[in-house]
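Read through the structure below, which is laid out as structure tokens, and then see the notes.
The values are calculated or read from the model by the stated rules, or taken from the named source; none is laboratory data. Not measured: the values here are computed from a predicted model. Here the Cβ is made from the backbone with ideal geometry for all residues, glycine too, and neighbour counts use every protein chain on show. Surface areas here come from the heavy atoms of the whole protein model, side chains and all, with no ligands, DNA or RNA. Shrake-Rupley method; radii C 1.70, N 1.55, O 1.52, S 1.80 Å.
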Amino acid sequence: MPVHPSPSPASSPALHLAVALDGAGWHPAAWREPGADADRLFTAGYWAALVAEAEAGLLDFVTFEDSLSLQSTDPAGPDGRTDLVRGRLDAVLVAARVAPLSRHIGLVPSVVATHTEPFHVSKALATLDYVSRGRAGLRIQISERPDEVRHFGRRTAPLEPAELYGEAADHVEVVRRLWDSWEDDAEIRDVATGRFIDRTKLHYIDFEGPRFSVKGPSITPRPPQGLPPVSALASDATVYPFLARSADIGYVPAHDAGEIRSAVAALPGTPHLFGELTVFLDEQPAAAERRLQRLDAAHGAAYTSDAPVFAGTPAHLADLLLEGREAGLTGFRLRPGVHAHDLPAITRGLVPELQRRGAFRRAYEASSLRGLLGLPRPANRYAADPQAPAATASPAA
């Protein structure tokens with residue numbers, strides 16, 4: 001793979017970078033690596049340290065994985081494995097815990113829309129946006145697993161992916177309407193008159209669909225960002241209709257430039273398309289390959305992923321990312337193979353390499369996640385529409 005020693009043209013947009021945090025890293029044997037801190041996986045300090053490292057590298061945001069059942073190598077249900085990381089903390093709560101400990105980086109927890117009420121998600125993410133001072137985002141997932149269906153008991157398996165993505169699109173629409181259900185100036189806080197809120201600026205959302213019927217308004221005022229960014233992974237093209245309707249950021253596996261260009265052409269209205277890549281980084285390509293082989297040996301099988309796997313140097317990874325930018329991507333979400341090793345390799349190796357090429361920021365230039373992503377703060381849909389009915393009263397009022 002060629003190395004490009006000269007900076008990118010000044011007209012090329014800077015790349016956005018995010019990291020996906022999960023367990024001790026994305027390789028199944030990551031928890032057995034030196035420095036993995038496997039005994040601290042379920043502590044706040046472990047996650048705070050990872051976020052601090054990502055923020056020191058000026059990354060746009062981190063995502064936190066989540067699920068409604070134990071991790072499994074079997075997509076249909078539990079695998080009974082006891083030699084792999086099993087169990088995780090709630091992603092939204094982890095993000096809320098680390099929010100006051102960070103200042104700039106975006107915090108994007110994953111939520112399974114299939115079994116989670118959008119009202120609950122709306123107020124949880126709005127709260128995260130408040131405690132992070134405008135740095136919250138949302139990653140939406142679906143679940144087809146029968147054991148997760150049984151956890152809730154409200155429907156029966158099998159569930160069809162197309163139906164679930166349709167439901168997820170309605171879920172996001174409800175969440176966004178609830179975020180808008182308070183106008184920005186609904187809070188008066190006038191001690192002299194005793195009026196804390198203006199009831200005319202709270203709105204019923206009156207969402208009616210085949211899967212949800214939600215009245216509103218929310219119990220939480222409009223988030224600082226108005227509408228925190230929503231993202232989702234597109235493991236294949238069948239997810240594109242959902243991304244086109246519902247996502248500010250789509251994560252697409254970046255196997256080659258042709259696949260990237262196809263995704264970009266299919267999703268012209270999605271503000272950001274990030275490449276999805278699992279990375280193993282070392283100063284020499286052979287060292288990265290040997291480390292991956294050692295991890296595979298410890299695991300007993302070669303690592304496979306729904307995203308491309310890269311093993312090499314930060315400079316070679318920078319080449320690959322810039323090729324993705326040329327093909328139309330605006331950023332990448334990188335999955336560190338081993339957090340303890342590959343996250344610092346991203347922040348202390350890849351980032352300086354991209355900065356040297358003029359392709360990545362040298363300081364945080366905005367205080368909100370939307371600002372970092374170059375997304376304007378949207379107007380409130382109810383305030384902008386003079387015909388929108390105003391609430392006459394609400395339980396929260």
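General observations
- Working note: Karplus 6.51/-1.76/1.60 with θ = phi - 60° gives the range 240-253 the couplings 4, x, 5, 4, 4, 7, 10, 10, 8, 9, x, 9, 10, x Hz, where Gly and Pro are set to x.
- Neighbour count of at most 11 Cβ within 10 Å plus DSSP loop: longest trypsin sites (Lys or Arg not before Pro)-free window in the chain: 156-361
- The range 289-347: chymotrypsin sites (Phe, Trp or Tyr not before Pro) in DSSP loop, at most 10 other beta carbons within 10 Å: none
- Pair-distance distribution P(r) for the range 219-298, from all Cα-Cα distances in 10 Å bins starting at 0: 16, 33, 22, 22, 6, 1 percent.
- Given 14 as the ceiling on other Cβ atoms within 10 Å, longest exposed-site-free region of the chain for GluC sites (Glu not before Pro) in DSSP loops: 1-282
- Sequence-separation-based contact order of the range 181-279, relative, with Cα cut under 8 Å and 6+ spacing, percent: 19 percent
- Mean separation of Cα contacts under 8 Å, 6 or more apart, over the residue count of the range 96-137: relative contact order %: 56 percent
- In the range 246-397, Cα pairs under 8 Å separated by at least six residues give a relative contact order of 24 percent.
- Share of carbon and sulfur in the accessible heavy-atom surface of the chain [1.4 Å probe, %]: 55 percent
- Tilt relative to the chain, helix 118-131 - C-alpha long axis, 0 to 90 degrees, to 10: 70 degrees
- The sum of -39500 (n - 2.57) across all DSSP H runs of n ≥ 4, divided by the residue count of the chain, sets its helix-only mean residue ellipticity at 222 nm to -9500 deg cm²/dmol.
- Per-pair calculated FRET efficiency, R0 = 51 Å: Asp206 and Thr43 via Cβ, rounded to 0.05: 0.75
- Axis angle, to the nearest 10 degrees, between helix 285-299 and the longest C-alpha principal axis of the chain: 70 degrees.
- The mean accessible area for residues of the range 116-243, using a 1.4 Å probe and ignoring ligands and nucleic acids, is 44 Å² per residue.
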